[in-house]
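Let me begin by presenting the structure, written as structure tokens, before commenting on it.
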Amino acid sequence: MLRIDQFAYANRLRTVHPAEKLSFAVLTLVICLAVSRPLISMVVILIMGVGIVLRAGIPLRFYLKLMLVPLVFLLIGVFTVAFQISRYSLPLEWGFTAWDVNVGVTAASLGLAGNLFLKSLGTVSCLYFLALTTPVLEIMWIMKKAKVPALFLELMLIVYRFIFVLMETASGIYISQASRWGYASLKTSYYSLAWLAANLFVKSYHHARQLFAALLARCYQEELKVLEMPYSISGKNIALVALFELALLVLVWRTGVGVAA
């Protein structure tokens, strides 16, 4: 089991109704996406971090490691946004000209890149809050209550289950290969990696057939049933969520509305 999944089942917000956590994360994510203001993104990152670390009890070091995961992709993305290439004259803050082509960064492109970077981190922090405080099965339970098609939910559950199957199978194959010096050199690494991918496909197909046979043995009738935890709606939590979202909208209005492009 992934550590994210472990924390989802063992955190201080575990007993909170999943609909309350889902609404808080989704509403905040929508506001962060819709409003193009760096201040709003920073507030979202701060609030989600406080909620995850202080309220849910997730270790700070683990949360920071999670936030570092998308950082490389974000840096590459904002780098391409910040740099401008044009044959026309640009108000460059820094750059150079080669063969009549201007390459560099402008104040506008730097602002756009910074805004995009903060907005992306803000939305990621919303998703992390939901993933670290709410198990997938409970998210699916809420989606079922919202009349999401059963076929979509079943596919979602099967894909979620096979993430762990693939990781466990790949880990076992890799350990077996490494113990036989399968990754001792670059050439053997490529060879071992190819065999790992091929065997992973075969073993995954075998596990899928076993899973389907197990479902049929348990009288599967095109609907996967899971245990549902008894939850009660908290008026206090709903008021807190509404108050925070309202305060965020007021902050948006006070700083000037900027809709995302």
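Just so it is clear, none of the values below were taken in a lab; they were calculated from the coordinates. Keep in mind it's a predicted model, so treat the numbers as computed, not measured. We place every Cβ from the backbone using ideal geometry, glycine too, and count neighbours over all the protein chains shown.
Things worth noting here:
- Across segment 3-45, the qualifying residues are those that are of a type in the set (S, T, N, Q) and not in a helix (DSSP H, G or I), and the one among them that is surrounded by the fewest Cβ atoms within 10 Å (Cβ to Cβ) is THR15.
- Residue in segment 131-143 that is free of Cβ contacts under 8 Å to residues at least 24 places away in the same chain and in a helix (DSSP H, G or I) present: yes
- Any hit, segment 214-226, residues being touching a residue at least 60 places away in the same chain (Cβ under 8 Å), closer than 24 Å to THR15 by Cβ and surrounded by 14 or more Cβ atoms within 10 Å (Cβ to Cβ): no
- Enumeration of residues in segment 151-189 that are closer than 23 Å to HIS207 by Cβ and small (Gly, Ala, Ser): ALA170, SER171, GLY172, SER176, ALA178, SER179, GLY182
- Residue-level check: of (1) hydroxyl-bearing (Ser, Thr, Tyr); (2) touching a residue at least 12 places away in the same chain (Cβ under 8 Å); (3) part of a loop (DSSP other than H, G, I, E, B), TYR128 misses just (3).
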